[in-house]
Amino acid sequence: MKRDLFAACFAIAFVVPALAQEAKQDFSLSNKTGYELKEVYVSPATAADWQNDVLGSGTLADGATVDIKFNRAAITCKWDLKVVYTVDSSSAVWQNIDLCVVEKITIRYNKNTDATSASFD
């Protein structure tokens with residue numbers, strides 16, 4: 001009986017924290033580009049193709065923020081991010097983002113350099 005109780009406590013002590021960490025990939029994406037985004041893709045870094053557009057049928061307006069939530073079964077930390085602009089369908093991609101430590105991504109567009117950049121907090 002004591003052995004069964006110890007085994008149950010041991011399992012709770014190690015399994016529950018592991019489950020809590022499985023959704024650490026959730027993050028907020030802030031659009032500070034000056035343009036609307038029509039698509040946002042987030043895929044595991046090891047994936048061969050992009051997953052579904054996380055915005056669905058919506059868009060992400062300039063100045064807006066969207067919370068991106070992951071399935072609790074997602075266990076990888078390294079993810080790729082792709083955003084697609086509404087105005088001309090151009091895109092920007094970032095690879096191997098550690099979403100187990102990043103909680104907020106802010107993207108910006110520089111008209112002088114024609115480049116989209118991201119900061120990771």
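What follows is calculated from the coordinates using simple rules that are stated; it is not laboratory data. Treat the numbers as computed from the prediction; the structure is a model and nothing was measured. We place every Cβ from the backbone using ideal geometry, glycine too, and count neighbours over all the protein chains shown.
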Point to revise | Normalised convex hull volume, the range 72-115, alpha-carbon set, Å³ per residue | key: 102 Å³
Point to revise | Karplus-derived HN-Hα couplings along the range 42-48 (A = 6.51, B = -1.76, C = 1.60, θ = phi - 60°), whole Hz, x at Gly and Pro | key: 10, 9, x, 4, 8, 6, 7
Revision key, fill the gap. Between the modelled labels at residue 90 and residue 26 (7 Å from Cα along Cα→Cβ) the distance in nm is 3.5 nm
Check your understanding: For the range 18-121, what does the alpha-carbon gyration tensor say about shape, rounded, prolate or oblate, given a ≥ b ≥ c as the root eigenvalues, a/c under 1.5 as rounded, and a/b over b/c as prolate?
Key -> prolate
Review point. HN-Hα J couplings of the range 114-121 from phi, Karplus 6.51/-1.76/1.60, θ = phi - 60°, integer Hz, Gly and Pro as x?
Key: 6, 10, 9, 10, 9, 10, 10, 10
